[in-house]
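Written below as structure tokens is the structure these notes are about.
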Amino acid sequence: MSLTRLFRLVLSHATAALFAASLVASCGTTSASTPPPPGAASEASPERVILQAYRLIAERHLNEPDFRKISVETYRGFAGADPALSLVADGQTYTVMRDGKAILSRPSPKDPADGKAWGTMLSDLFAASIDASPVLQHTDRSALTKAAMVATTKQLDKNTRYADPDEARDNRFQRDGGGGIGITVERTDEKKVIIIAVQDGSPASKGGVRPGDQILEIDGENMIDRPLIDVVHKLRGPVGAPVALTVLRPGDGSKITAMLQRGRIIPTTVTYTRDGNLALIHLSGFNTATTDSLAQAIDKAHADIGPGLAGIIIDMRGNRGGLLDQAEGVAELFVGDGIIFSTRGRHPDSQHTYRSESRDWANDLPIVLLVNGNSASAAEIVAAALQDRGRAVVVGTTSYGKGTVQTVVKLVNQGELILTWSRLVAPSGYTWNELGVMPNVCSAKVPNPDTLQPSAVDASRPLLQHWHAERDPSAQEVADLRKICPPGEDSPQRDVEIASRLLHNPKLYAEAVRLGSIDQAAAR
């Protein structure tokens, strides 16, 4: 089996696996909040959560909210379990009704953007509704909170969302790491939980756990037929805490129990494989370790291949994003002095221009970035920055088009509000939200990578120039532009072959990289 095929096989498994955490799709910054005292999370009522959320929305959301409409939908979500409840809003008052009888009325706050006033009003309506409704009284409070918050975030934008405490815990593990043993697991069609990867240097690796082992028990508890998320949560725990993992080894069928001690685990987002004189690096997400891991992978490629290293292929197909500061860090590895990207929002702290600091870890090596229709957020920051600054050729399809930043705020119930608060702007001045990043080379238009010529590459120049000149395209203009190189969900081998062709032909690479590059003086 070739190294390239092996690389693709590993990636197909890795993307299907659950690495003890759910994927974090949003590109954002984390906003610290003071942890609540013990027991506070379980005591956090829907009223407290919605009041905190409304204040945050009023202060930080990208667009000024109109709580007159939002509050009606929030209440409908909250009270959805009891069809006898309804909310009557006449512009002056908001009245909760049950079976045609008025339960409580509150005057409408004067300012439609006053989150504290509207949140306070809703808190009163929530409390009265619970008192009047046996259905709500017997409904779990966390379910009421989730229903209210989901209804609220749907009124804002498609990237603002609520994570309940369980999901938020998974999100934090994915972003920041936590106590675990360092394995990637997946459930097979036969409902077996199989270890498909073991992190180097992890407790599992030191304990002799191998890829292919089937998990049977954790701390003596049977894991067969258990939901995958339950298995993942059982594997996690405080750093230093012991855990007994019993596995079935393929081949000889032996049953092995490994006594492990949990360590601090940060999910792997960078995988390096050599393909001849090229470095193939898969970048699957952006967490707190991504920039350092990528720098280490580049160092490893230099050591592995030596002075004959012809270039780097960074595969971000299917990469849905992650942490904003890591997107900045990754771009800085390759871009010299100048703008990487900017953010623009309503809150003063959301307006910022990010510049590199003369750091080129790759020593000006040629770079090809692979993207597809599932490359989003932080992946698009890197693609747009390296393309605009003439530092890489982007190959594949038009990307997803998530050009906004989310700030992540811990709520009083230990859930999270992932709140859109700014737009991303490329060095050339365009914003790719909804539009996406257009590749220098659209792989669907290259039937045979071996015959790719500079003239064919140069034909994309006016299209890229038009793309980067857009400032506020209409929905129809966006749809028309995205038809030029339609976003795709696949990760075809042809993308890698095109990248290899470009990196092995300096003239072709130079022509392609110039296509998307802006005037360097304009980026300083």
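Looking at L452, L508, L464, L481, can you tell me which residue is in contact (Cβ under 8 Å) with a residue 24 or more places away in the chain, buried (at least 16 other Cβ atoms within 10 Å of the Cβ) and farther than 18 Å from L369 by Cβ?
Going through L452, L508, L464, L481 in turn, just one is in contact (Cβ under 8 Å) with a residue 24 or more places away in the chain, buried (at least 16 other Cβ atoms within 10 Å of the Cβ) and farther than 18 Å from L369 by Cβ: L481.
Look through the range 173-197, keep the residues that are without any contact (Cβ under 8 Å) to a residue 40 or more places away in the chain and among the basic types (K, R), and return whichever of them is farthest from P250 (Cα to Cα).
Ranking the candidates gives K191 first.
Just checking, does the range 408-426 include any residue being crowded, with 24+ Cβ neighbours inside 10 Å and over 30 Å from Q52 (Cβ atoms)?
The answer is yes, given that some residue of the range 408-426 is crowded, with 24+ Cβ neighbours inside 10 Å and over 30 Å from Q52 (Cβ atoms).
Give the residues of the range 274-291 that are in contact with a helix residue (DSSP H, G or I) (Cβ under 8 Å, 6 or more places away or on another chain) and over 25 Å from H504 (Cβ atoms), sorted by residue number.
Of everything in the range 274-291, those that are in contact with a helix residue (DSSP H, G or I) (Cβ under 8 Å, 6 or more places away or on another chain) and over 25 Å from H504 (Cβ atoms) turn out to be S284, G285, F286, N287, T288, T290, T291.
Please work out which residue is surrounded by the most Cβ atoms within 10 Å (Cβ to Cβ), limiting yourself to the range 144-169 and to residues that are in contact (Cβ under 8 Å) with a residue 40 or more places away in the chain and more than 22 Å from P46 (Cβ to Cβ).
The qualifying residue surrounded by the most Cβ atoms within 10 Å (Cβ to Cβ) is N159.
Applying the selection to the range 107-123, what residues are of a type in the set (D, E, K, R) and surrounded by 16 or more Cβ atoms within 10 Å (Cβ to Cβ)?
The answer is D114, and nothing else.
Go through (1) under 22 Å from the mean Cα position of the chain (by Cα); (2) assigned to a helix (DSSP H, G or I) and name the single condition S142 misses.
If we test S142 against (1) under 22 Å from the mean Cα position of the chain (by Cα); (2) assigned to a helix (DSSP H, G or I), just (1) comes out false.
Could you list all residues from the range 55-85 that are of a type in the set (V, I, T) and under 13 Å from D157 (Cβ atoms)?
Once the filter is applied, which keeps residues that are of a type in the set (V, I, T) and under 13 Å from D157 (Cβ atoms), the range 55-85 yields I57, I70.
Give the residues of the range 283-321 that are open to solvent by less than 40 Å² (accessible area, probe 1.4 Å), assigned to a helix (DSSP H, G or I) and of a type in the set (A, V, I, L, M, F, W, C), sorted by residue number.
L294, A295, A297, I298, A301, I305
Condition (residue is open to solvent by 10 Å² or more (accessible area, probe 1.4 Å), over 20 Å from T291 (Cβ atoms) and either of a type in the set (D, E, K, R) or in contact with a Gly (Cβ under 7 Å, 6 or more places away or on another chain) (or both)) applied to the range 377-392: is it met by at least one residue?
Among the residues of the range 377-392, not one is open to solvent by 10 Å² or more (accessible area, probe 1.4 Å), over 20 Å from T291 (Cβ atoms) and either of a type in the set (D, E, K, R) or in contact with a Gly (Cβ under 7 Å, 6 or more places away or on another chain) (or both), which makes the answer no.
All but one of (1) farther than 25 Å from Y94 by Cα; (2) not in a loop (DSSP other than H, G, I, E, B) hold for V135; state the number of the condition that does not hold.
Unmet condition: (1).
Test Y400 against the stated conditions and say whether it is open to solvent by 10 Å² or more (accessible area, probe 1.4 Å) and more than 30 Å from A44 (Cα to Cα).
yes
Considering only the range 213-251, how many residues are open to solvent by less than 30 Å² (accessible area, probe 1.4 Å) and assigned to a strand (DSSP E or B)?
So the answer is 9.
What are the residues in the range 304-331 that are touching a Lys or Arg at 6+ places or on another chain (Cβ under 8 Å) and either among the hydrophobic types (A, V, I, L, M, F, W, C) or free of Cβ contacts under 8 Å to residues at least 40 places away in the same chain (or both), if any?
Of everything in the range 304-331, those that are touching a Lys or Arg at 6+ places or on another chain (Cβ under 8 Å) and either among the hydrophobic types (A, V, I, L, M, F, W, C) or free of Cβ contacts under 8 Å to residues at least 40 places away in the same chain (or both) turn out to be D304, I305, L323.
Of all residues in the range 46-85, how many are free of Cβ contacts under 8 Å to residues at least 40 places away in the same chain and either among the hydrophobic types (A, V, I, L, M, F, W, C) or open to solvent by less than 50 Å² (accessible area, probe 1.4 Å) (or both)?
Result for the range 46-85: 1.
The values are calculated or read from the model by the stated rules, or taken from the named source; none is laboratory data. Just so you know, these numbers come straight off a predicted model, no measurement behind them. Ideal geometry is used to build each Cβ from the backbone, glycine not excepted, and the neighbour counts take in all protein chains shown. These accessible areas exclude ligands, DNA and RNA; they are computed on the full protein's heavy atoms, side chains included. Shrake-Rupley method; radii C 1.70, N 1.55, O 1.52, S 1.80 Å.
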